[in-house]
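So the structure is just underneath, and the comments pick up after that.
The values are calculated or read from the model by the stated rules, or taken from the named source; none is laboratory data. These figures come from a predicted structure and were not determined experimentally. Cβ: placed from backbone, ideal geometry, glycine included. Neighbour counts: every protein chain shown. Surface accessibility is based on the protein's heavy atoms, side chains included, excluding ligands, DNA and RNA. Shrake-Rupley method; radii C 1.70, N 1.55, O 1.52, S 1.80 Å.
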Amino acid sequence: LESVSALLQMCWRLQQQAGKRVVDSTLRLVAVSATVPNVHDIGEWLGVAPPNVLVFGPEHRPVPMRTVVRGIRSAKNEFIFQEGLNRELPATIRQYSGGRATLIFCITKRACETAAKAMLLEPELLQRDPHLQSRLAENTKRVTDPGLKQLIRHGVAVHHAGLTPEDRRIVTEMFLCGALLLICCTQTLALGVNLPARLVIIKGTTAYRQEGGWEEYDQLEMQQMIGRAGRPQFDTEGVAVIFSEQASADVWRDQLSSGKAIESHLADWLTESLLAEVVAQPQLSEKALVQWLHGTFLKVRASRSPATYARTFPLDCQIGAHPLLLSGGPDVDAFVTRLTGLELLKLQQAGMMQSSHEGILTATKMGEAACRYSVRFETVRYLMGADPPTDLQDLFTMLAGVPDFDREYRPKMGQKVKLREWAKKSVRWTFKDAVDTASKKVSVLLQLALAEPPRQQLPWDLKSQQQQILRRSEFLMRLMLELFQYRRQGPQLANALILKKCLKQQIWEVSPVQVRQLPSIGDIIAQKLQAGGLATLDALASGDPRLIEVACGRKPPFGNDLQAKARALPRPSLQLAREGDSCVLVRFNRSTEGHNRGASCGFVHLVAFTAPDGMLVQHTRISGTSLPPQLKLDVPGTWSGLVVRLIHEEYVGIDAVQHLGDTDFDNSNSNGAVGSTVAAKRKRLASGSGGTSGQGEVIAATTTSTIGALAYGEAALDAMSLDSSSGGVVIDAGSSCKVRPKARKGHESASGHGSLVAALAKARQKQEPVVNESPHCPQRTAAATSGSRPSVVPQESDLRGVRLVPPVQLLLLMLLSVLMLPRRSPLHRRGVRFPAWSRPCHSHAAWGS
């Protein structure tokens, strides 16, 4: 509000200076507040003439209010003090409420519940009207919170952020109609919710601030809470009782008798506000920004309280040299000019703004992106100064650690135990440390949102914060995309595209239940499809619609409709061909099976970068329905390898990747590609030194599965290290993209997790095959050896990794096969009768064996 008002005033002054006619009546401002003591400062800021600043004292209040401050003996700690206050509540309510509505403001959600349960022990304070009791009983059935159910039927309720919006709405309705007599609530009820009462009790004057522990309420906060006392048209007076410790009781009496001036909060957003003005108004000069700052409430309050604003803005001045602390009085103009120059210098040093020789200010691409996505200056500086992430986990950690989350999502006392329990076993990247920072809490909540079903049931307050973090992450990921594009960092750009769509779809890129992305598919249907082996998009697209319906328990044409959605997704593949030293031809082969040409397939991103330095060559956003037949890439300079990835903008599991030349990565480059450990493992596997004996070749494969890390990931490479006696490799990409050596007697089967770009294996001299363990694996692995392609003969040891059909499905298939036997089968000759609907047609060619 302060920034917008300053902009309006600056435009008005510029029009006046330009000699244009300005009509004052075209802009009318009306400011109303019940808790602002320094009204004349507001009037000066808004440019209101003194006669038009109207001040109404307490005598104009529709319902007179009486404030009582009671000093209570302090206890060992705040929690014991709060327990003691519960014993003071019944007598206070009997003395001041007159049998009417009462609001009790508590410091925490747990304190609300404790106080409400204590009120149940006082029968005379509960609802005794039979008509209102029946109404409460009816609404109790609509309440979802079990604790609130036990309270609301007696005319008592709680109101805090842990309740669902529907439960809070029921509490509000019941209180307004008089059915509820007592509400124990937190401070948030005083902001924006119109629930006046006859009696307001403040149960303690301290609140737990995550930044500095227990602190006294701000005076304006206290005025907002006690202002709920007195209901117009219902009460003749309102009473506010404040329970305070004896040491601070007199302080509160003095503060409530005299008002506390409100201050400018532009200091928290001054850097972002100046940047927004530069982005919104090209060709702006520093002089214009100084004039803009003159129109803020900050300038007015700096002249009224110079010492306070000198502490807020030190300006790197020595003692006694600050413009607001001069012996001759504060120099506000010099303060505003100096402050504007320092803020602009900070933006220029961060690479978000630049100035020409003529003094014209322009925002850089990162400055425009920060303003476009409303990202804080500290967050942009953090992202630009952080080391480039080497894989998806590093990128996720960078996202969870942005300063944007520090202000609002620090873990509370009642959340730390549960968050730590989830962090140990319910997330993809587990950790055992205490969840004591905002970054750890954000990491846990985001990973729980992307977890496999059945997911954890979160309390409402954490669920609400989880949704807020997901929405905020959308803009942060867009900013990261522009940052990596600006720096030409190809691997980081590709990983950011993958993480962005994972957060949007709330599914990991290695998830075995890819069908969760499809419309109208929830966790329950996804689990049923997973049990039937139809959880991947490829398995669903190639499956039998009737089996899909059987697995989901649905009727036709559900299977056909669901399969059509899976087949409509584009599944392009890539082929790379080198043409000369600096040109690569990319050919697209787009699968059109079952695709409706009129349907929209979204967009895909082509990301090409060199290896080993990871320098971005090209990033193009292409419509999924209009992929060109081929595309030429101009690769500048000398390069030894190239990676081209085709990443779908929305859906996980249908991406494509191809490599050309040597694509080993080194961590010594400035772009921070995959580390040297991964590169060494890849070289060891390719050369046949990963624990094998004899000469070996690399078995190459083209995959359409997305990858988390650029070069396979360390876990996948660990799993692909072969043993000389392992007898082959088993690839399981249908469940969780695991790669492990095939087990044999006396040896354990090692497993590792990772996203596969290519299935690398050792083709031993005995030409042992590569066995695909998952029947619905999205990867298509093609083995190539030095000789002819070996014939795969099933051996007893090969069957150990093969999945078996579940018994229920096996019995169902046997029953269907019996019912569909030809009319002249042996069972017919034996006199077995079948129902009419199961009799086959005359054409025996219509039936399979």
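Report yes if Ala451 is over 17 Å from the mean Cα position of the chain (by Cα) and either closer than 30 Å to Ala564 by Cβ or open to solvent by 20 Å² or more (accessible area, probe 1.4 Å) (or both), otherwise no. Spell out the reasoning first.
Details: over 17 Å from the mean Cα position of the chain (by Cα): no; either closer than 30 Å to Ala564 by Cβ or open to solvent by 20 Å² or more (accessible area, probe 1.4 Å) (or both): yes.
When the stated conditions are applied, Ala451 does not pass them.
Within region 266-287, restricting attention to residues that are modelled with pLDDT under 90 and in a loop (DSSP other than H, G, I, E, B), which residue is least open to solvent (accessible area, probe 1.4 Å)?
Only one residue fits best here, namely Gln281.
Out of all the residues in region 609-656, which are of a type in the set (Gly, Ala, Ser), touching a residue at least 40 places away in the same chain (Cβ under 8 Å) and under 18 Å from Ala577 (Cβ atoms)?
Result: Ala611, Ala656.
For region 226-280, name all the residues that are of a type in the set (Gly, Ala, Ser), within 43 Å of the chain's Cα centre (by Cα) and over 24 Å from Cys106 (Cβ atoms).
Listed by number, the residues that qualify are Gly259, Ala261, Ser264, Ala267, Ser273, Ala276, Ala280.
Could you give me the residue pairs with C-beta distances under 8 Å whose first residue belongs to region 354-365 and is closer than 14 Å to Leu289 by Cα, whose second residue is of a type in the set (Gly, Ala, Ser) and part of a loop (DSSP other than H, G, I, E, B) wherever it lies, and which are 6+ apart or on separate chains?
Short answer, once both residue conditions are applied: Thr362/Ser356.
Do any residues in region 260-285 that are within 17 Å of Lys346 (Cβ to Cβ) have Cβ atoms under 6 Å from those of residues that are assigned to a loop (DSSP other than H, G, I, E, B) and open to solvent by less than 30 Å² (accessible area, probe 1.4 Å), where the two are at least six apart or on different chains, and which pairs are they?
Taking only residues 6 or more apart or on different chains, the pairs are Leu266/Thr296.
When you check Arg73 against the structure, is it in contact with a strand residue (DSSP E or B) (Cβ under 9 Å, 6 or more places away or on another chain) and more than 26 Å from Gln415 (Cα to Cα), yes or no? Before you say what the answer is, go through the steps one by one.
Values: in contact with a strand residue (DSSP E or B) (Cβ under 9 Å, 6 or more places away or on another chain): yes; more than 26 Å from Gln415 (Cα to Cα): yes.
Yes, satisfied.
Would you be able to say whether some residue in region 147-170 is open to solvent by less than 40 Å² (accessible area, probe 1.4 Å), polar (S, T, N, Q) and outside any helix (DSSP H, G or I)?
Within region 147-170, one or more residues are open to solvent by less than 40 Å² (accessible area, probe 1.4 Å), polar (S, T, N, Q) and outside any helix (DSSP H, G or I).
Quickly run through region 388-414 and pick out the residues that are open to solvent by less than 10 Å² (accessible area, probe 1.4 Å) and more than 24 Å from Arg488 (Cβ to Cβ).
Ala400, Phe405
Tell me which strands (runs of 3 or more DSSP E) are completely within region 202-253 and hold 2 or more residues being of a type in the set (Val, Ile, Thr), or say none if there are none. First the steps, then the outcome.
On the way: elements: 206-209, 213-216, 238-245.
Because the criterion is at least 2 residues that are of a type in the set (Val, Ile, Thr), the strands (runs of 3 or more DSSP E) in region 202-253 that meet it are 238-245.
Listed residues Leu324, Leu344; which is in a helix (DSSP H, G or I) and touching a strand residue (DSSP E or B) at 6+ places or on another chain (Cβ under 7 Å)?
Leu344
Consider region 82-117. How many of its residues are surrounded by 18 or more Cβ atoms within 10 Å (Cβ to Cβ), assigned to a helix (DSSP H, G or I) and not β-branched (Val, Ile, Thr)?
Going through region 82-117 one residue at a time, the tally reaches 11.
Condition first: open to solvent by less than 50 Å² (accessible area, probe 1.4 Å) and either without any contact (Cβ under 8 Å) to a residue 40 or more places away in the chain or closer than 27 Å to Val39 by Cβ (or both). Now tell me which residues in region 236-258 satisfy that.
Kept after step one, since they are open to solvent by less than 50 Å² (accessible area, probe 1.4 Å), are these residues of region 236-258: 238-244, 248-249, 252, 256.
Gly238, Val239, Ala240, Ile242, Trp252, Leu256, listed by residue number.
Please note which helices (runs of 4 or more DSSP H) are completely contained in region 487-576 and include at least 3 residues that are open to solvent by 20 Å² or more (accessible area, probe 1.4 Å).
490-505, 523-531, 545-552, 558-567
Considering Lys424, Lys432, Lys412, which residue is at pLDDT below 95 and in a helix (DSSP H, G or I)?
On the way: Lys432 fails: in a helix (DSSP H, G or I); Lys412 fails: in a helix (DSSP H, G or I).
Of Lys424, Lys432, Lys412, the one residue that is at pLDDT below 95 and in a helix (DSSP H, G or I) is Lys424.
Given the conditions (1) open to solvent by less than 20 Å² (accessible area, probe 1.4 Å); (2) free of Cβ contacts under 8 Å to residues at least 60 places away in the same chain, and given that Leu326 satisfies all but one, which numbered condition is not satisfied?
It fails just one condition, (1).
Is it true that some residue in region 462-485 is in a loop (DSSP other than H, G, I, E, B) and either at pLDDT 95 or above or open to solvent by 40 Å² or more (accessible area, probe 1.4 Å) (or both)? Outline the logic, then answer.
So in region 462-485, the residues in a loop (DSSP other than H, G, I, E, B) come out as none.
Looking for residues that are in a loop (DSSP other than H, G, I, E, B) and either at pLDDT 95 or above or open to solvent by 40 Å² or more (accessible area, probe 1.4 Å) (or both), one finds none in region 462-485, hence no.
Step by step: first the residues of region 37-55, then only those that are surrounded by fewer than 17 Cβ atoms within 10 Å (Cβ to Cβ) and assigned to a loop (DSSP other than H, G, I, E, B), then the one that is nearest to the chain's Cα centre (by Cα). Which residue is that?
Only one residue tops the list, namely Pro37.
Report, by residue number, each residue of region 429-485 that is aliphatic (A, V, I, L, M), free of Cβ contacts under 8 Å to residues at least 40 places away in the same chain and over 18 Å from Val652 (Cβ atoms).
Result: Ala434, Val435, Ala438, Val444, Leu445, Leu458.
Of the conditions (1) part of a helix (DSSP H, G or I); (2) open to solvent by 10 Å² or more (accessible area, probe 1.4 Å); (3) not aliphatic (A, V, I, L, M), Arg128 fails just one. Which one is it?
(1)
For region 577-592, which positions are open to solvent by 40 Å² or more (accessible area, probe 1.4 Å) and under 27 Å from Thr638 (Cβ atoms)? Outline the logic, then answer.
Taking region 577-592 and keeping what is open to solvent by 40 Å² or more (accessible area, probe 1.4 Å), we get 578-582, 587, 589-592.
Hits for region 577-592 are Arg578, Glu579, Gly580, Asp581, Ser582, Arg587.
Just to be sure I understand the filter: pairs with C-beta atoms under 6 Å, separated by 6 or more residues or on different chains, first member in region 85-96 and under 18 Å from Thr205 (Cβ atoms), second member assigned to a helix (DSSP H, G or I) and open to solvent by less than 60 Å² (accessible area, probe 1.4 Å). Which pairs pass?
Asn86/Ala115; Asn86/Ala118
Here are some residues: Leu633, Leu646, Leu642. Which one is touching a Pro at 6+ places or on another chain (Cβ under 8 Å), at pLDDT 90 or above, open to solvent by less than 20 Å² (accessible area, probe 1.4 Å) and assigned to a strand (DSSP E or B)?
Criteria check complete, one pass: Leu646.
Restricting to region 286-307, give me the number of residues that are closer than 18 Å to Gln16 by Cα and not basic (Lys, Arg). Don't jump to the end; show me each part of the working.
Step one: filter region 286-307 for residues closer than 18 Å to Gln16 by Cα, giving 287-295.
Among the residues that remain, those that are also not basic (Lys, Arg) are: 288-295.
Total meeting the criteria: 8.
Sort out which residues of region 231-260 are over 22 Å from Leu85 (Cα atoms) and modelled with pLDDT of 85 or more, and write them in order of number. It would help to see each step written out before you state the result.
Applying the first criterion (over 22 Å from Leu85 (Cα atoms)) to region 231-260 yields 231-237, 254-255, 257-260.
If the condition is that a residue be over 22 Å from Leu85 (Cα atoms) and modelled with pLDDT of 85 or more, then Glu237 is the only one that fits.
What are the pairs, 6+ residues apart or on separate chains, where a residue within region 521-533 that is in contact (Cβ under 8 Å) with a residue 60 or more places away in the chain has its Cβ under 6 Å from a residue that is surrounded by 18 or more Cβ atoms within 10 Å (Cβ to Cβ)?
These pairs meet every condition: Ala526/Val513; Ala526/Val515; Ala526/Arg516; Gly532/Ala551; Gly533/His776.
Return yes when Thr144 is modelled with pLDDT of 90 or more, of a type in the set (S, T, N, Q) and open to solvent by 10 Å² or more (accessible area, probe 1.4 Å) and no when it is not. Write out each step before concluding.
Values: modelled with pLDDT of 90 or more: yes; of a type in the set (S, T, N, Q): yes; open to solvent by 10 Å² or more (accessible area, probe 1.4 Å): yes.
So Thr144 fits the description; yes.
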